[in-house]
Structures are given as C-alpha cells and as structure tokens.
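Data first, discussion second: the structure below is written as structure tokens.
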Amino acid sequence: MTTVYTTNPRNSTRTVSSGAGPFQIHANHSPPQKYLCFIALFASGERFPVLLHESTYQPVVLVTRYIIDERRENKQSSTVARDVRVLRWFYEWCDKTKIRLEKRLRAGDMLTKAEVTSFCRYLRAFRRSNVSGSIELHSTAQRSGVMSPETFNSYIGVVQDFLLWAAYEFIPTATPEGSVRETLRFALDRLRRSFRSNLKAGKSIPSRCGLSREEVERVRSVIDPGATVNPFKKCVRFRNWLIFELMLATGIRRGELLKLKLQHLPVGSKTTLSIIRAPDDKADPRRHEPQVKTRIREIPLHKWLARMLWRYVQQYRPTRDKSQTYLFTSTRGCPMSSGAINWIFSFLVRTCLSDLNGELSPHTMRHTYNEQLVELAESLGYTQKQTEEMQRYLNGWSDISEMPTRYTRRIIEARAMAIAENYQNQLYAF
C-alpha cells in the first residue's frame, strides 16, 4: 500500500490511499468539464504530476497511464508537469468541441487532420475558444500576442506523443487481427502528417544575454548587505547578496543552488563546491522539488567566497528542523523555493534597477558567467575548442553539447558587428 498526498486549492492536503497502484482510479463516470494539475508526493520522495477531474479528484485515466508508461522513468518531474499541463489544455479543448476523447481513443479512433488543426489554432490563440475573434491576453507572457515557434512546437509535440502512444496502445485491440499492422501504420502516418503540417517554421531570436561588467557592478552596489539603497529587509540581505555572488562566481542553475546542502560546501582540504543530482529526495519538503538537470561535478570556489558561505551558515541561516541540511533557507527556516529566488531578482528590478527589466534573472547569471569565462579564456590564449570543453565541464553539459554557443551570444554578436564594420570600411575605403 502506498499513500500519497496532493496539495489543492480546496484543502491544504488531500490524502489518497492506493490499491494496486498509486491512485484509486474509477473510469466509469462522466468526464467533467474542468481539470486540475496536481503534484502527488509519494512516501519515497517521488513527485508525480497528475491530471485530475476537478469535481471528483479522480485521475484522468489515459493521461495517468501515459505518464506511468512513457514519461515517469526517464523524465524530470518538472518536464512531466509541463506535459500534464499541456494535456490538460488538450482535454479542455476536447470538452469544448464535444469530443469524447478517451472513448474514441479506446475504440482506436484517432483525431482527424481537421481536428488536430483546430486544436493547434486553439493553442495559438492562447486557449480561447473563439479563435476567429480577437485574442484576449491574460498573462504577462501573452501580452505580446506571440507564442514563440519553439514553445508552440514543443506543446503540440506533447499532444502528438500522447496520441501516438494511444494509437499503439488501443488500435491493435480495436482492430480485426488481420488488418492491425496496416491500420496502425496508416493511423500513425496520418497523425504525424497532421501535426507536422501545423508546426510553426522559423526560430525566435534568442533574447537572453549576460550582464555587462558595468551592470554587474551596479547590481553589486545595490545588493551589498551594507548598501543604503539595499531594498531588502536586514534579516535576508546577507543571504540574498550571497546567492547573487554564488551564481555569478559559479554559473550554477537556480535548481542546483536550491539543492545545495551543507555537506556540498568546501571544508578542510576540500576547496570545491559539489553539484549533486538527488531527485526524489525524501528529505526535501518542497512540493515542487528543484531539479538538477546537469551532470554532477566539482566547481572550484574561491576561499573568500567559501568563508562567506560558512559565515552565512553560522550567523544568518535560520532552520526550523536541525536535521534539515539544505543550504539556503527562508526566514521561517524552510528550504527556499524556486519562486523565492525569482522574487529576489524581480524585486531588485522593481525597486532599484528598472532599466534591467527583462534582463536580470537567475538564468541571466548563468549567461554572465559563461560570457566572462570565455573572455578570460581567450585572453589567456585558449583555443575555441579548449574553451568549449571547459564550459561543458563547468556547466555540467554533455561532451557533445552545443550549449556553449547559446550561452555566449553577446560575444558572438560583438564579433559579428566588428567584422561587418571592418568589411564595410574596406569596401568603402575611398
């Protein structure tokens, strides 16, 4: 027997005891019109995203089966949560268009090309049912009225993968034995063509760049614990400043920072910061567990910064539970959340650095780190290949990753502008 609990807007917690599996699944009820995305927390520490019917709190059967069969074992819970969210939109569209999706899929009846196109238009219209009318934009991300090609294509890819799984799962059982292979092949080809014809061409221009050295110094002058313009309460100034400095010095991701524990810090003869993958940690009380998406590695840490980390631990770090060893905690002594890290940067922008709106975020620090790392490597005479190899190790990327190019866009742009200017100077040297 496994017991899981989910947090929901109606109750602080809701306990669900399982029978054969993680949930009691009852399929024989009329599907309601609304759905909820939940995170189920198992006793093992695993976070399991699940789609529920709002009226009954019962899992949507086929989505739950798909996640268990295809996604649970090899995907991060944050990625699975994204999939569940997209499938929620798909089910809502099916309800709006009177498609009894699960009944059709179980009968081996896949969506037509026209239906796939209709859903894609619904998605592009930010899930407005009247796609031919004006689009009412609700969130900040939607105000531009544009969904990037990469985002849109990844969303419809989630739905395509779900429907392909359903085709493999149900067409063989719903088709006479002699024609299974041909029926399945035809259905799969039709689905792939339907989604392929709706892909958005082109790629949006990457907008993220690191901070310039002047901008870094401006942020430092504001976030310094002793600065008179520091907008934070005194009890969190040292912590927030240290978070900024640590991200600047090491380029670690937000999730990696939040998963740091005391045992990962430099101590004694150990002079490095340890980045460890520890998914489904039982000791992590956060509902949305931060993810370490890169390789485990050791990052050199300056002894002054190491001393500041231990100073924070000894003088500023509140803990509610003494057995809790996560490094950065809230004022209540709980491990900090991803939202709390985001808030630190957004609050800085809102109160003191409005001209950096859209340019200062936790991930900006990773770009800043890589750009300054590349500039230093070039000044020391390292080749581009050697520099990229170092980037891959220090950032935890695979040996063949193309990420070094993505994270040094500012440098590439500066080189391109300089060479173009040189070219034109030679062309028009009258």
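The values are calculated or read from the model by the stated rules, or taken from the named source; none is laboratory data. Note that this is a predicted model, so its numbers are computed, not measured. Glycine gets a Cβ as well: all are built from the backbone with ideal geometry, and neighbour counts include every protein chain shown. Accessible surface areas use protein heavy atoms only, side chains included; no ligands, DNA or RNA. Shrake-Rupley method; radii C 1.70, N 1.55, O 1.52, S 1.80 Å.
Numbers at a glance
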item: MRE, 222 nm, helices only [DSSP H, n ≥ 4, -39500 (n - 2.57), over the chain, to nearest 500]; result: -15000 deg cm²/dmol
item: Gain on full stretching of the segment that runs from Arg65 to Ser179 - 0.36 nm per residue minus C-alpha separation; result: 38.5 nm
item: Choice from Ile276, Ile411, Ile299 showing the highest fluctuation, given a GNM over the chain with Cα pairs closer than 10 Å; result: Ile411
item: Net charge, His302 excluded, C-beta distance under 15 Å - Lys, Arg +1, Asp, Glu -1; result: +2
item: Portion, in percent, of the accessible area of segment 376-415 that falls on carbon or sulfur, probe 1.4 Å; result: 56
item: The chain - accessible surface per residue (Å², probe 1.4 Å); result: 54
item: Cβ-derived FRET efficiency at R0 35 Å, Thr331 paired with Ser44, nearest 0.05; result: 0.70
item: Length gained when the stretch Ser148-Arg307 is fully extended (0.36 nm per residue, less Cα-Cα span); result: 52.9 nm
item: Around Asp281: net Lys/Arg minus Asp/Glu count, Cβ-Cβ under 9 Å; result: -1
item: log₁₀ of I(q)/I(0) at q = 0.09, 0.10, 0.14 Å⁻¹ - the chain, Debye sum with one point per alpha carbon; result: -0.74, -0.90, -1.41
item: Accessible surface of segment 155-262, 1.4 Å probe, proportion on carbon and sulfur as whole %; result: 52
item: Net charge of neighbours whose Cβ lies under 13 Å from the Cβ of Lys75, counting Lys and Arg as +1 and Asp and Glu as -1; result: -2
item: Nearest-ten-degree value, helix 362-379 long axis tilted from longest Cα axis of the chain; result: 50
